[in-house]
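J.: Pasting a structure here, questions to come.
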Amino acid sequence: MGIIKLALIELRKKIFFSILSFVVCLVAFYLIISSITTVSSTVYQKKVLLANIGMDLADVIHLQYQSNDEDIEYIRKLDEFKKSLQEMADIKAVCEFDASGMYFEELSSNDEYITINKELIGNGRYRNHPAISRVIRIDEELLGLIKGNLLAYSYPASGNLPIYPSIVFKELLPLGSLLTDEQFGDVYEVAGYLEKDARWADENDLIRFPLVDLAGYFIAPWSISSHEDVMTRLSSLHNTYVLTDSDDKEAIIRIIEGCGKELGLQASGEVLANEYALYDQETAVFAKNHLALALFLSIMATSSIIAVFTTSVLLKKKQYGILIANGFNKKDILLAIATEISIIITSSTIAAWIIKEIELKRGKDIFKEVLLLAHRSFTLPICLSLAIILIALATIIPANKIYHYQIAELIGGNGNGHY
């Protein structure tokens with residue numbers, strides 16, 4: 001009889017206890033996996049961000065406005081403010097970007113486009129509006145902020161505005177296709193495509209939010225009409241950046257504040273490198289707390305699992321004694337115990353990982369992509385390593401007890417041959 005077969009027989013004999021052990025391990029590993037995935041996702045989020053940033057964060061100042069007014073006069077002040085800053089010697093550009101939904105006359109009733117777009121939108125913000133096109137308007141000077149995208153716009157000879165759809169729309173929208181904005185009447189001409197893995201910053205927060213996968217998106221420059229639209233401009237205020245190569249960033253920020261006051265605007269700035277440093281500190285504290293939680297759960301899980309398996313082995317010591325009396329040696333029994341424990345711990349670890357994988361896939365967390373990446377690349381090997389350590393620890397104590405018992409003690413005697 002093979003060791004594995006013997007282990008499976010013993011698991012079936014105590015099926016309730018085997019199921020109980022599996023459940024205890026499953027719950028323990030699920031909690032550990034959740035903590036490790038959460039911690040590792042913060043690391044991956046920062047790695048992905050830094051790998052995709054195409055500018056030195058120390059040369060980008062995030063422009064911030066403390067208040068705003070919903071009228072055209074306020075927009076005129078913003079334009080004057082922007083013009084004043086761009087005239088400064090140490091300021092290379094003042095740039096904005098904004099992500100919004102647009103309806104194009106040529107696409108809003110195109111069934112093929114709507115079908116493709118609906119699948120790409122999924123459960124996102126525009127899930128109930130599959131005919132809408134997700135467009136990111138970006139000032140040309142800011143295009144290099146994220147790697148792998150455009151570096152400059154190629155303006156068509158026709159005089160139309162260039163637009164760059166995701167490559168998934170290439171067959172539907174060949175080069176030169178015209179798209180008319182239903183709201184402003186601007187005419188765009190397809191001048192190229194966004195590559196498969198193209199990304200851009202999230203409009204809510206460049207640093208703290210994960211980069212946006214541009215599959216299904218369009219990128220275009222600002223049109224005059226959209227730039228003068230009050231609500232569109234207000235939407236882009238928190239995504240305005242000053243590009244500078246000055247070594248004295250504090251002086252640039254003072255210039256920003258001074259120019260703002262002259263126009264009655266409450267404006268200030270923060271160097272993106274400083275915003276990232278603050279984010280790094282916040283995530284370090286977050287990671288430290290979750291690592292402590294993961295360590296605590298690991299210790300508790302180890303103690304509980306060892307206790308469960310020790311109890312299980314001791315309950316079956318009479319069976320082991322009978323097996324030894326019938327020709328099995330203690331080495332076979334110890335290997336069978338190790339195999340039983342390995343089967344339960346390994347299967348529960350994999351099951352817990354799969355459950356978490358399914359949970360993350362079905363979830364709507366904005367960090368879903370980063371969480372899945374961390375879960376697959378980091379959490380899985382860590383948990384398999386932890387499972388191996390746990391198998392060793394959970395085997396040593398009960399195996400040691402069985403090894404030092406005499407056959408009579410295992411079967412139920414007193415060790416002197418009396419029963």
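J.: In the range 208-244, how many residues are open to solvent by 10 Å² or more (accessible area, probe 1.4 Å) and within 21 Å of the chain's Cα centre (by Cα)?
T.: Of the residues in the range 208-244, 8 are open to solvent by 10 Å² or more (accessible area, probe 1.4 Å) and within 21 Å of the chain's Cα centre (by Cα).
J.: If a residue has to be within 35 Å of the chain's Cα centre (by Cα), under 20 Å from residue 56 (Cβ atoms) and open to solvent by 40 Å² or more (accessible area, probe 1.4 Å) to count, how many in the range 85-105 make the cut?
T.: Count: 1.
J.: Follow-up. For residue 345, only one of the following conditions fails: (1) under 28 Å from residue 39 (Cα atoms); (2) within 25 Å of the chain's Cα centre (by Cα). What is its number?
T.: Every condition holds for residue 345 apart from (2).
J.: Further question on the same structure: For the range 76-84, state whether one or more residues are crowded, with 20+ Cβ neighbours inside 10 Å and in contact with an Asp or Glu (Cβ under 6 Å, 6 or more places away or on another chain).
T.: Looking for residues that are crowded, with 20+ Cβ neighbours inside 10 Å and in contact with an Asp or Glu (Cβ under 6 Å, 6 or more places away or on another chain), one finds none in the range 76-84, hence no.
J.: Here's a check for you: in the range 126-148, which residue that is among the charged types (D, E, K, R) and in contact with a Gly (Cβ under 9 Å, 6 or more places away or on another chain) is surrounded by the most Cβ atoms within 10 Å (Cβ to Cβ)?
T.: 134
J.: Only one residue in 397, 388 is modelled with pLDDT under 85, open to solvent by 50 Å² or more (accessible area, probe 1.4 Å) and either under 21 Å from residue 291 (Cβ atoms) or part of a helix (DSSP H, G or I) (or both). Which one?
T.: Being modelled with pLDDT under 85, open to solvent by 50 Å² or more (accessible area, probe 1.4 Å) and either under 21 Å from residue 291 (Cβ atoms) or part of a helix (DSSP H, G or I) (or both) holds for just one of 397, 388, which is 397.
J.: Which residue out of 64, 86 is under 27 Å from residue 217 (Cα atoms) and touching a strand residue (DSSP E or B) at 6+ places or on another chain (Cβ under 7 Å)?
T.: Just one listed residue meets the conditions, 64.
J.: When residue 259 is evaluated against the numbered criteria (1) buried (at least 18 other Cβ atoms within 10 Å of the Cβ); (2) among the hydrophobic types (A, V, I, L, M, F, W, C); (3) closer than 30 Å to residue 15 by Cα, which criterion, by number, is the only one it fails?
T.: Among (1) buried (at least 18 other Cβ atoms within 10 Å of the Cβ); (2) among the hydrophobic types (A, V, I, L, M, F, W, C); (3) closer than 30 Å to residue 15 by Cα, the lone unmet condition for residue 259 is (3).
J.: Check 154, 166, 226 and return the single one that is polar (S, T, N, Q), out of contact with any His (no Cβ under 8 Å at 6 or more places or on another chain) and in contact (Cβ under 8 Å) with a residue 60 or more places away in the chain.
T.: 226
J.: When the range 329-358 is examined, which residues are found to be free of Cβ contacts under 8 Å to residues at least 24 places away in the same chain and either touching an Asp or Glu at 6+ places or on another chain (Cβ under 8 Å) or surrounded by 15 or more Cβ atoms within 10 Å (Cβ to Cβ) (or both)?
T.: Passing the criteria: 350, 357.
J.: Within the range 29-52, restricting attention to residues that are in contact with a Phe, Trp or Tyr (Cβ under 9 Å, 6 or more places away or on another chain), touching a residue at least 60 places away in the same chain (Cβ under 8 Å) and within 28 Å of residue 92 (Cα to Cα), which residue is most open to solvent (accessible area, probe 1.4 Å)?
T.: So the residue we want is 46.
J.: Return yes when residue 123 is part of a loop (DSSP other than H, G, I, E, B) and surrounded by 16 or more Cβ atoms within 10 Å (Cβ to Cβ) and no when it is not.
T.: When the stated conditions are applied, residue 123 does not pass them.
J.: Could you tell me whether residue 236 is touching a residue at least 24 places away in the same chain (Cβ under 8 Å), assigned to a helix (DSSP H, G or I), over 24 Å from residue 270 (Cβ atoms) and touching a Phe, Trp or Tyr at 6+ places or on another chain (Cβ under 8 Å)?
T.: Answer is no for this residue.
J.: Looking at the range 284-334, which of its residues are of a type in the set (Ser, Thr, Tyr) and touching a Lys or Arg at 6+ places or on another chain (Cβ under 7 Å)?
T.: 312
J.: Moving on to the next point. So which pairs qualify, if the first residue must be in the range 360-389 and over 17 Å from residue 48 (Cα atoms), the second must be open to solvent by 90 Å² or more (accessible area, probe 1.4 Å), the Cβ gap must be under 7 Å, and the two must be at least 6 apart or on different chains?
T.: Hits for this filter: 364/123.
J.: Residue check: is residue 205 over 29 Å from the mean Cα position of the chain (by Cα), of a type in the set (D, E, K, R) and in a loop (DSSP other than H, G, I, E, B)?
T.: Here the answer is no, as residue 205 does not meet what is asked.
J.: Then there's this: Is it true that some residue in the range 169-183 is aromatic (Phe, Trp, Tyr), crowded, with 20+ Cβ neighbours inside 10 Å and over 30 Å from residue 361 (Cβ atoms)?
T.: no
J.: Moving to a separate point now. Tell me which residues, restricted to the range 271-309, are in contact (Cβ under 8 Å) with a residue 12 or more places away in the chain and open to solvent by 70 Å² or more (accessible area, probe 1.4 Å).
T.: Residues satisfying the conditions are 286, 291, 293, 300.
The values are calculated or read from the model by the stated rules, or taken from the named source; none is laboratory data. Computed from a prediction, not measured in an experiment: that's the story for all the values here. Reconstructed Cβ throughout: ideal geometry from the backbone, glycine too, with neighbour counts over all protein chains shown. Calculation scope for accessible area: heavy atoms of the full protein, side chains included, ligands and nucleic acids excluded. Shrake-Rupley method; radii C 1.70, N 1.55, O 1.52, S 1.80 Å.
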